[in-house]
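Right, one structure below, let's go through it.
Each reported figure results from applying straightforward, stated rules to the coordinates on display, with no laboratory input. These figures come from a predicted structure and were not determined experimentally. Every residue, glycine among them, receives a Cβ derived from its backbone with ideal geometry; neighbour counts consider all protein chains shown.
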Amino acid sequence: MPKKSPIHATSSRLSAALLLALASGATAAADPPPANAEVAIAPVSEPPPAPLVHMIPWLNDYSYLADPAKRSGAGWEKLSYIPLGRDPATYLTVGGELRYYAQYWEHVTLGIRPDDRNDSIQQRVRLYGDLHVGRNFRAFLELGDNWEFGAEFPTPSNFDAVDIQQAFVDASFAVGDGNRLTLRPGRFVMPLGNGIMVGTRDGTAVRYTYDGLQAMFTTAAGSSVNVFATRPTKVERGSFDDSPDSSRDFSGVYFSRPTGKGSGWDLYHYNVGHDQVAFPGLVGPQRRRSFGARVFGRPGNWDYDLEGVIQTGTFAGEDIRAWGIISNAGYTFSDARFAPRLGARFNAFSGDDDPGRGRLGTFEAPFPRTALHNDAGVFVFMNLINIAPTVSFQFTDRIRASAGVTGLWRESTADDIYYGGTGRPLASVPTRDRHVATSVDLQADWQVNRNFNMHLYGSHIRAGDALVAAGGESTNYVGFWAQYRF
């Protein structure tokens, strides 16, 4: 078990502050009625059910609590909306998060490294303040404490003593009729699109955060443009020592256009620079540009999400020519008991057909969601084809479970198998075998109330011929978290 540094003792004070906040005013509200329940005629003064707490805290909007008729009297409201003066749009929100995540990998490197069993308990503690001054100014500060207990293979992004997780200000201006421009300098979480190419890294204690500037323009019709220039935050183990990573930069533009309820299309361009990257047989600087398009919708009982990406740029003097396809579609039998959904994912990410010959064909997402294939996170979006049929059930409005089978194959048999934990090669395959692995995955989620949720995931990952030829073997993974947010 890794020992805590002396400076990490300050985490106890942050944890105590969070627990005091929970005890003093963040009591969970009564459970809202099921989503499919009939709506009864109620007095005008009865408040609507409280919304769930969002995983990205600054996306919570508690301005509605300025209206006394919309308050339920629950203790959490005293912290979520603290009025500061006569203007109802000037208020302070105090919130936080406490999560413990237990994980077990039988072989965290799929047997490539010896004695690679790994089990740990991950701690995430958050406490934030969100100050709104009218509609045009906002200041957000989030402190966090992160640790991982008992890990044989520690994850760097799980170790960060008390530090600034997010700190930014928003200056917002009306532009024309119903349009709005917001400028956001500082450190922030930056979810983009469906969170696959640029994810939040919610499976670790520390999410992806970025230091820099965002400019966000939204129209009255709901379209938006997000332009950003940032550096990813470099996570250090000590307190208040995180800083922008001078070896990397990340900029781009993301445009989103809704076309109906739950439907729309997106266009984006990402520009990522890295001083030193390693691919098979070559190490050097990289400048990678991604051009992507996404369409998504929910026509009737169907749902679909399709995304395509083309990548260009340079790596160590070589040209980059890579591509990726990301898709998920399904049909929900909404009138059947438990509303089963039959779905399938198909993803494909190019590999390098001729390593070291002047052109790099391996796809690489900027900051990917590591749980695209499954929660074990041992494979990443590089030189991989993935097909995954799934079935899910909504047992109640708060309990959902799913099962699926995931097949993984190398896109190019001349390229390596890449590891989800690092995004770098895990193993070279001495044969032309394509089949990397097949996993059976089970998941269950319980939203106990608006504040508290639990998540359980299990995978049996059976090694395919390519992984076996590289020296790997089958493995099992189990993960469980309990999370409280207010």
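Observations
- To the nearest ten degrees, helix 10-25 and the longest principal axis of the Cα atoms of the chain are 40 degrees apart.
- Between ASP87 and HIS269, the FRET efficiency from the beta-carbon distance, with R0 = 35 Å, is close to 0.35.
- Straightening the chain between PHE153 and PHE338 buys 62.6 nm, computed as 0.36 nm per residue apart minus the Cα-Cα spacing.
- Based on DSSP H segments of at least four residues, each scored -39500 (n - 2.57), the chain has a per-residue ellipticity at 222 nm of -1500 deg cm²/dmol.
- When only the Cβ of Lys, Arg, Asp and Glu is charged (+1, +1, -1, -1), the dipole of the chain relative to its Cα centre reaches about 680 debye.
- Taking label positions 7 Å along the Cα-Cβ direction at both ALA482 and HIS460, the computed distance is 2.8 nm, reported to one decimal.
- With R₀ fixed at 25 Å, the C-beta to C-beta distance from ALA293 to ALA414 puts the FRET efficiency at about 0.30.
- Computed Rg/Rh of the range 6-485, alpha carbon atoms with Kirkwood Rh: 0.96
- Two-site FRET efficiency, ARG359 against ASN449, from Cβ-Cβ distance with R₀ of 41 Å, rounded to 0.05: 0.15
- Among MET382, MET55, MET190, the ranking by other beta carbons within 10 Å of each residue's beta carbon, starting with the fewest, stands as MET55, MET190, MET382.
- For the range 427-451, the residues whose backbone nitrogen is under 18 Å from a point 7 Å from the Cα of ALA401, taken along Cα to Cβ, are 440-448.
- Normalised by the number of residues in the range 110-170, the average gap of Cα pairs under 8 Å and 6 or more apart makes the relative contact order 35 percent.
- Relative contact order (%) - the range 253-331, alpha-carbon pairs under 8 angstrom, separation at least six: 24
- When all alpha carbon pairs of the range 202-350 are counted in 10 Å bins from zero, the resulting P(r) reads 10, 25, 33, 22, 9, 1 %.
- Among the lysines of the chain, pairs that are 8 or more positions apart or on different chains and have alpha carbons within less than 26 Å of each other number 4.
- About its Cα centre, the range 206-341 has a charge dipole of approximately 360 debye under the convention of +1 per Lys or Arg Cβ and -1 per Asp or Glu Cβ, with nothing else charged.
- The range 216-272 versus the range 381-425: alpha-carbon centroid distance in Å: 24
- Contour minus Cα-Cα distance for ALA215 and PHE255 (0.36 nm per residue): 13.2 nm
- Separation in nanometres of the label points that stand 7 Å from Cα toward Cβ, at LEU282 and ALA102: 4.7
- Relative contact order of the range 232-366, defined on C-alpha pairs under 8 angstrom at six or more residues apart (%): 16
- Taking N as its residue count, the alpha carbon Rg of the range 338-486 over 2.2 N^0.38 Å: 1.17
- Length gained when the stretch ILE121-TRP323 is fully extended (0.36 nm per residue, less Cα-Cα span): 69.1 nm
- Each label was represented as a point 7 Å from its Cα along the Cα-to-Cβ direction; for ARG434 and ILE387 these points are 0.9 nm apart.
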